[in-house]
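The values are calculated or read from the model by the stated rules, or taken from the named source; none is laboratory data. Remember, predicted model here, so these are calculated numbers, not experimental data. We place every Cβ from the backbone using ideal geometry, glycine too, and count neighbours over all the protein chains shown. We work out accessible area using only protein heavy atoms, side chains counted, and drop any ligands, DNA or RNA first. Shrake-Rupley method; radii C 1.70, N 1.55, O 1.52, S 1.80 Å.
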Amino acid sequence: MFEFDETHRAVADGLRKYCDRVVEPLVPAMESGEVSAFDVMREFSTAFGLEQMIADARPGASEKTGADAESSADPAKAARSPLGNPQLAAVFAKELARVSPGLCLCVTASMGCGTTIATRGNRELVERLAVPVMALRKVGCWGLTEPDGGSDAFAMRTTVRVEGDEVVLDGAKTFISNAPAADVFIIYARLAEPGAPVDRSRDKHRIFPVVVERGTPGLETGPPMEKLGMHASPTGAIFLDGVRVPRSHLLGDPERPERAAAEQTLASERAAIVAMCLGVIERCLDDSVAFAMDRVQFGKPIAAFQLIQQKLARMALAYENVSNLVFKLIWMQETGRGSEREVSAAKWYATEAACEVALEAVQLMGGAGYMREHAPERMFRDMKLWTIGGGTSEIQQLTIAKELLREHGFSVDLSGGYRDER
Ligand SMILES: Cc1cc2nc3c(=O)[nH]c(=O)nc-3n(C[C@H](O)[C@H](O)[C@H](O)COP(=O)(O)OP(=O)(O)OC[C@H]3O[C@@H](n4cnc5c(N)ncnc54)[C@H](O)[C@@H]3O)c2cc1C
């Protein structure tokens, strides 16, 4: 499978037209903050009927109506993110990133929050919070990274403890996409008393997502941080000081240690990032081809020069490779096959390739490429995030090597520890 099926090609076509007509003209205003990306996100949700898509995705939705359908389907299990379908998720990420990686990040961060609640929350949380977040009516975010732990995120300081019918959160998160504007937060926390020292081997399996709503006493967010790119997407800190929420907001069973929720969120984020990279590479390639055919120097269109053709060929090569990776990841998600090593390889390659292509497109356009009116200038700044966020390029390389060596009986971990088991 090296292309989307007919249904998803039709969705991609509709999205392309909508993004070109409605979103593209708003990009400068979203970048400067005059227009909120979340308002654009809500309009987009209405235009594409995301709420209806969630309703349609519920098992039995097409056969049953009214009370019959309501009584038989358990929304806690049945509510699905419209982007839970790997092909659809890739189409949305690619087409949105093609015009605005920042808007795309607003959408995927919200979806990451909504999907976690939808797959792990009870009926009340799903109906009240997951559905509006997945429909992009409410803004969601998810926070794993902390001031003292990014790459080493599972050694986190933020704690959650159970107190009767409630759970209590203490700690802080940083660099969280959507946090300054979020209505709903997924906070990843270590099950422990506040201030308890980190015990790596035990605590890495005691990381739970906890749902918190804005307005809960003890939860504060910082202002949007100033940053290199992704200007349409606000990033900020979250402070948690004795935040109490009902016990049902801790998504998981404290008696059964795990960290699967955080790992699943990271895996879907990495797949979405690879699809975003494809959208950006395609956009930079299309704009470069058009520019090269129009721009005349030495009496000829620059497309006639072979050094320019080489740049176009290199961009096209990156497009082919990243496109293949997108379809491989879709296949892995649909079949449940593949390994963490393959996801890391795809994320590492695609993000570095997208940065290189955007930079190459800036170079191809000369002075015009350095100017804000052309997309590659913004795309390069935006894409640099993805060699860092969702696990840095270095961490992806370590993950690949870790699995590779394990197959040969040599165990290593990200902190440099090793065990020769041959
Ligand atoms: C704009 C933006 C949005 C973000 N959104 C979110 C979000 O929504 N949710 C969330 O939870 N997080 C988010 N993040 C955080 C992001 O995932 C982290 O920044 C990232 O994981 C890196 O962590 P760090 O910044 O603490 O860097 P560090 O972990 O401090 O790394 C610093 C450097 O050391 C390297 N390094 C670390 N360990 C090793 C090692 N063992 N071997 C070799 N090199 C190593 C790293 O690769 C890096 O080059 C966001 C970040 C940004 C910038």
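Miscellaneous remarks
- Verdict on residue 116 being open to solvent by 20 Å² or more (accessible area, probe 1.4 Å), over 21 Å from residue 242 (Cα atoms) and within 14 Å of the ligand (Cβ to nearest atom): no
- In the stretch 225-253, the residues that are under 18 Å from residue 148 (Cβ atoms) reach residues that are open to solvent by 50 Å² or more (accessible area, probe 1.4 Å) with C-beta atoms within less than 7 angstrom, at least six apart or across chains, in these pairs: 235/175; 235/224; 235/225; 235/227; 236/223; 236/224; 236/225; 239/220.
- Selection from the stretch 277-316 of residues that are more than 19 Å from residue 380 (Cβ to Cβ) and open to solvent by less than 40 Å² (accessible area, probe 1.4 Å): 302, 303
- Elements of type helices (runs of 4 or more DSSP H) contained in the stretch 324-422, each with 1 or more residues being within 16 Å of the ligand (Cβ to nearest atom) and under 24 Å from the mean Cα position of the chain (by Cα): 340-364, 375-384, 393-406
- Scanning the stretch 184-211 for residues that are within 16 Å of the ligand (Cβ to nearest atom), part of a strand (DSSP E or B) and either aliphatic (A, V, I, L, M) or over 17 Å from residue 161 (Cβ atoms) (or both) yields 184, 185, 186, 187, 189, 207, 210, 211.
- In summary, helices (runs of 4 or more DSSP H) completely within the stretch 33-103 and bearing 2 or more residues that are of a type outside the set (Phe, Trp, Tyr) and either within 30 Å of residue 384 (Cβ to Cβ) or at pLDDT 95 or above (or both) occur at 37-47, 86-99.
- Residues within the stretch 154-171 that are within 12 Å of the ligand (Cβ to nearest atom) and either touching a residue at least 60 places away in the same chain (Cβ under 8 Å) or open to solvent by 30 Å² or more (accessible area, probe 1.4 Å) (or both), tallied: 2
- Pick from the stretch 138-153, criterion among the aliphatic types (A, V, I, L, M) and in contact with a helix residue (DSSP H, G or I) (Cβ under 7 Å, 6 or more places away or on another chain), ranking: farthest from the ligand (Cβ to nearest atom): 139
- The residue that is farthest from the ligand (Cβ to nearest atom), among those in the stretch 212-224 that are in contact (Cβ under 8 Å) with a residue 12 or more places away in the chain and more than 30 Å from residue 378 (Cβ to Cβ), is 217.
- Scanning the stretch 31-55 for residues that are charged (D, E, K, R) and surrounded by 16 or more Cβ atoms within 10 Å (Cβ to Cβ) gives 31, 42, 51.
- Filter pass, residue 398 being closer than 27 Å to residue 421 by Cβ, without any contact (Cβ under 8 Å) to a residue 60 or more places away in the chain and surrounded by 15 or more Cβ atoms within 10 Å (Cβ to Cβ): yes
- Scanning the stretch 190-221 for residues that are open to solvent by less than 10 Å² (accessible area, probe 1.4 Å) and not hydrophobic (A, V, I, L, M, F, W, C) gives 190, 203, 209.
- Residue that is farthest from the ligand (Cβ to nearest atom), among those in the stretch 225-252 that are in a loop (DSSP other than H, G, I, E, B) and under 24 Å from residue 195 (Cβ atoms): 252
- Odd one out for residue 270, checked against (1) on the phi > 0 side of the Ramachandran plot; (2) touching a Lys or Arg at 6+ places or on another chain (Cβ under 6 Å); (3) not small (Gly, Ala, Ser): (1)
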